[in-house]
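Following: one structure in structure tokens, then a few remarks.
Just so it is clear, none of the values below were taken in a lab; they were calculated from the coordinates. From a predicted model like this one, the values you see are computed outputs, not experimental measurements. Quick reminder, even Gly has a Cβ in these numbers, built from the backbone with ideal geometry, and neighbours come from all protein chains shown.
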Amino acid sequence: MKLSYTAEELIAMLQPASTRGSTEDRVTGIAALSAAERGDLSFLGNARYKLQVAESRASILLLPVGFEGEPKVGQLYLFVANPSASLATLCGRIEQQLWPKAAPGIHPSAVIDPSATVAPSATIGPLCVIEANARIGPGSHLQAQVFIGREVTVGADCWFQPGVRITAECEIQDRVRLQPGVVIGSDGFGYEFVQGRHVKVPQIGRVVVETDVEIGANSTIDRARFSQTRIGQGTKIDNLVQVAHNVTIGKHCILCAQVGISGSTTLEDYVVLGGQAGLGGHITIGRGAKIDGGSSLTSDLEAGSFVKGSPALSYQLEQRINVLRKRLPELFKRVDALEAHLVDLKKTSAD
Amino acid sequence: MKLSYTAEELIAMLQPASTRGSTEDRVTGIAALSAAERGDLSFLGNARYKLQVAESRASILLLPVGFEGEPKVGQLYLFVANPSASLATLCGRIEQQLWPKAAPGIHPSAVIDPSATVAPSATIGPLCVIEANARIGPGSHLQAQVFIGREVTVGADCWFQPGVRITAECEIQDRVRLQPGVVIGSDGFGYEFVQGRHVKVPQIGRVVVETDVEIGANSTIDRARFSQTRIGQGTKIDNLVQVAHNVTIGKHCILCAQVGISGSTTLEDYVVLGGQAGLGGHITIGRGAKIDGGSSLTSDLEAGSFVKGSPALSYQLEQRINVLRKRLPELFKRVDALEAHLVDLKKTSAD
Amino acid sequence: MKLSYTAEELIAMLQPASTRGSTEDRVTGIAALSAAERGDLSFLGNARYKLQVAESRASILLLPVGFEGEPKVGQLYLFVANPSASLATLCGRIEQQLWPKAAPGIHPSAVIDPSATVAPSATIGPLCVIEANARIGPGSHLQAQVFIGREVTVGADCWFQPGVRITAECEIQDRVRLQPGVVIGSDGFGYEFVQGRHVKVPQIGRVVVETDVEIGANSTIDRARFSQTRIGQGTKIDNLVQVAHNVTIGKHCILCAQVGISGSTTLEDYVVLGGQAGLGGHITIGRGAKIDGGSSLTSDLEAGSFVKGSPALSYQLEQRINVLRKRLPELFKRVDALEAHLVDLKKTSAD
């Protein structure tokens, strides 16, 4: 983030309802209220931090209309309807500078099979490889060192960062954003055990990634045994996630980092998987279900559930058990005591 | 999977014992009985799905000899001794189309040290790098953007997919298949803590990968501190797996996705590790032992064991505990009640 | 490890206080006492293995001064003050052979933007990409197929192994060593849920990696939402580790393989995270705290703590609970028995 804005430039951009105070500082950074230094812009995104405003050293603060308080000398308050939304406006502007739109064209160092089709408005960066009959749609950007296999189709306005690999016959639809090192179309992990050896089951399916999907760095999506592995529209996948063969992921799901999904499992729409969660194979996770980070699950889950633990139970039950679990040493002692008392009682009653 | 077969072509290929019905449809896909649409081939691989045969919309079905039932209009049954085996035959044929044999030769964009040796029957694809004194055996295929370090030896008929990296002095034997992004020979993670800093312990060993090993996308195999990290013949490793320095993996093991194995641990032959399992360092897992997905283990395991949990216990005990664990809230209440009753009893007997 | 030393060469290098026995063998390997074969050098690094010395087949053994025992025929003992330190000296020598210093210069196949600055003493290997305005410091080595984004700064004497990717505006300080496939600067995973869709929150911060950091193969470090994700001086990170946006890692921390850290979490100095540990977001791990492998934690942790489990408890309590957990089947039976006895007692007292 290389930024440098004067107060006037920010006022012009964010159109505050009113201002209080003034500053001559250029804004060169953005930071939380408590971490901000002179030269930073900060913001009150959540009312529970309002006591931090008076302490903040930021040069400019985005505050909700009606906020009471006085800026320090050399500090400027900008009052806006929604500080988070104004911040998003600013960040969107900065993002365009961070990732300037690449000029269309093919870098001379790219290796492209003559049978491949690249839209004139696409950008193929240095040292990319595109194999036979692949098709790259309009506005798509392969940044550098990307591999596109035989017969792959890439839709419009995709962005593949350096080192993305997509193997033969996979289909990537529009506006798909792949972070560095993503692998799509690796073989599913399937073997038959025959006479003491694992014999490979051919993995002849492919992967279909629908529109508006994002996939994080070094995540891996396996091709299907046959038919397809599918990532539904608008689904967002974090880094180092494993999606096995024939998995079907619905629309608008969230998969946090290091999640693993075993073969032939289905996620319906709007499922959320916390980091490091692990799903067994051949199960169905119902619409909108949430699985807490680190949990593991090997059976179907009803729509709307929220589960946690290994194996996962309802979130509330797991939380209750985790409290009781800490009291196991005490429980064993109480049972010891009960047994001792009973022995005493028997003696007494035998007397 | 781009396929298109007429009924006649499939009959010629699969040689069914007999047929029933007929279809004019070309087969352009393969699908499970319940998922198949017109134009698909389906199959009865497991008798428990036999009721799905009559419902299936597939154009052609592979069924066991003796199966009773009538195809729909425009549907063809092929009766074979073993539908799964016939399907494998078909899939093997399709796999050859998916991954056509590369023509031998070196792509002009590859960067190969003059001291390296490449067998005339090997294929070195675009933008590969091969460092000094490396040797690539006959029939091996480096698809694209592969890195082969100094003094690496690669045997015959290997296939390294795009972005595979093998660092100096490692040895890859014959018919090894590496999925995209595999790293072999990264430094082991070893430091000595000296005067407040972690001082690197040189990692001067190497990695040996024996014949017929497969390693999944973005998995990492560290070089040894000294001597070697070794992956035994026929072992299959899934995606995003971590194998630390000086680990020895026996023959024909299975490591599912996201498994992590700490340094100097030994797996004897035929060990199976479920997804996300984690093994501590300096332990031995006996021949044929199975560790369930998500389990962790920091002590030796006897041959033939089947364990689960963190820390792992025998599978049966862990399953039993997982049932009882859910009843902890009830157990605490029962102990509360017992204590209350005892107080009552004492009062009564004191009366 | 390709090595070949005569006894005389090793004596000259390691300067033992005294020797016993003799060998004509060239040393071509290093191995633990019990694994060593003829031609290996071995060592007694830990007194508890001293009984293995007499059994060892190594040709040369590094032993502490004062060790009693007689070498076999053709075996040479070298007595040194600290066998581990002498071994480190030898390994350091071998390491220099394993990774010979690259000659400065830029490989003609590298693609470097004219506005980038490469120090004359730096080495840019084959098929690297360096984007606009990036700066590579003196003595730094980009081995092959490395990607350096726009405005990235790389300090002095760094070593980036093949396939490392560093995206725009990140800062890498001096002597940073990155294993193959490391990704630095991938987008943080941040979305707002608006009208049924996940809308991307711009990730406009960057990553700062301080001096003397090492990061393992295929690990991923996300750029900040704004401001920076920071890896402190001397911190060592193993393979396949995920560090999310706005994480701050202190100095001299250790992150073992497959660890995952969620967004905005802070590790103070000297924190140690065991393999596969998972940390929630927005928490602080105090100085010197240790989190055992496979544990998960979603709340702050005090300096100096040692915790284990999911959710993590004090190590001692977790170990105690893990013992008791195995006795749950027994505990349930004991409570059953207590209840039955109480019923009996009541009956008796009612009689």
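Things worth noting here:
- Local electrostatic count at A:V307 - Lys and Arg +1, Asp and Glu -1, tallied over other residues with Cβ under 11 Å: -1
- Per the Debye formula on identical point scatterers at the alpha carbon atoms of the protein assembly as shown, with no solvent, log10 I(q)/I(0) at q = 0.08 Å⁻¹ is -0.88.
- Taking the Cα centre of chain A as reference, the dipole from Cβ charges on Lys and Arg (+1) and Asp and Glu (-1) amounts to some 480 debye.
- Comparing A:L273, A:L51, A:L301 in a Gaussian network model of chain A, where Cα atoms under 10 Å apart are tied by springs, the biggest mean-square fluctuation is seen for A:L51.
- The A:V199 and B:S18 beta-carbon pair, evaluated with R₀ = 30 Å, returns a calculated FRET efficiency of approximately 0.60.
- A:D113 paired with C:Y49, simple spin-label distance in nm, labels 7 Å along Cα-to-beta-carbon: 5.2
- From least to most packed, judged by other beta carbons within 10 angstrom and beginning with the fewest, C:K290, C:K346 follow the order C:K346, C:K290.
- In the stretch A:71-230, taking the dipole from charged Cβ atoms about the Cα centre, the farthest positive-side position among A:A110, A:A134, A:Q96 is held by A:Q96.
- Rule-of-thumb Rg ratio for the stretch B:175-274 [Cα; 2.2 N^0.38 Å; N residues]: 1.07
- Peptide B:194-205 shows a mean partner chain C-beta count of 6 within 10 Å per residue C-beta.
- Residues whose amide H comes within less than 5 Å of that of A:Q228, counting only those at least five positions distant or on another chain, are A:R206 (H built at 1.01 Å from N in the peptide plane).
- Share of alpha-carbon pairs per 10 Å distance bin for the stretch A:69-216, given as whole %: 11, 32, 22, 14, 11, 6, 2, 1, 0
- Entries in C:K236/C:K308; A:K101/A:K290; B:K333/C:K326; C:K308/C:K333 that, when Cα-Cα distance is taken, lie over 31 Å: A:K101/A:K290
- Net length gained if the chain between C:Q96 and C:V65 were fully extended (0.36 nm per residue, minus Cα distance): 8.4 nm
- For the stretch C:105-317, averaging the sequence separation of C-alpha pairs within contact (under 8 Å, six or more residues apart) and dividing by the residue count gives a relative contact order of 9 percent.
- Given charges at beta-carbon only (K, R positive; D, E negative), |dipole| of the protein assembly as shown in Debye: 1120
- Gyration tensor (Cα) of the stretch C:138-213, equivalent ellipsoid semi-axes in angstrom: 29, 12, 9
- In a reduced charge model with +1 at each Lys and Arg Cβ and -1 at each Asp and Glu Cβ, the stretch A:7-98 shows a dipole moment near 200 debye about its Cα centre.
- Convex hull of alpha carbon positions in the stretch B:7-98: directionally averaged projected area 5.3 nm².
- Extent along principal axes [Cα atoms of the stretch B:210-339; Å; largest to smallest]: 63, 26, 24
- Furthest towards positive pole of dipole, C:V247, C:V307, C:L328, structure part the stretch C:242-332, Cβ charges: C:L328
- Shape box of the stretch B:63-134 [Cα atoms, principal axes, largest first, Å]: 66, 22, 15
- Residue of C:H245, C:H141, C:H341 that the Gaussian network model of chain C assigns the largest fluctuation, springs spanning Cα pairs under 10 Å: C:H341
- Counting Cβ atoms of other protein chains within 10 Å of each residue's Cβ and taking the mean over peptide C:35-44 gives 1.
- Hydrodynamic radius by Kirkwood, which averages 1/r over all alpha carbon pairs of the stretch A:227-300, in angstrom: 11.5
- Diffusion coefficient, µm² s⁻¹, Stokes-Einstein with Kirkwood Rh over alpha-carbon pairs of the stretch C:279-351 at 37 °C and 0.692 mPa s: 217
- Placing a label point 7 Å from Cα along the Cα-to-Cβ direction at C:N46 gives distances to the equivalent points in the other copies of 4.5, 4.5 nm, listed shortest first.
- Convex hull volume of chain C per residue (C-alpha atoms, cubic angstrom): 226
- Among A:S86, B:S84, B:S22, a tally of other beta-carbon atoms within 10 Å of each Cβ gives an order, fewest to most, of B:S22, B:S84, A:S86.
- Most mobile listed residue (B:L240, B:L317, B:L90) in chain B, GNM with C-alpha springs under 10 Å: B:L90
- Exposure proxy order (Cβ contacts within 10 Å, fewest to most) of B:I30, C:I130: B:I30, C:I130
- For a label point 7 Å along the Cα-to-beta-carbon line of C:S314, residues of the stretch A:284-322 with backbone N under 12 Å: none
- Remark: spin-label model distance A:A88-A:I11 equals 2.6 nm, labels positioned 7 Å along the Cα→Cβ axis.
- Look at the stretch A:337-345: the mean tally of other chain Cβ atoms within 10 Å of its residues' Cβ atoms is 5.
- Label spacing, shortest first and in nm, from C:S314 to its equivalents in the remaining copies (7 angstrom along Cα→Cβ): 3.3, 3.3
- Dimensions of the stretch A:1-158 along the principal axes, based on C-alpha atoms and rounded to the nearest Å, stand at 67, 25, 25, largest first.
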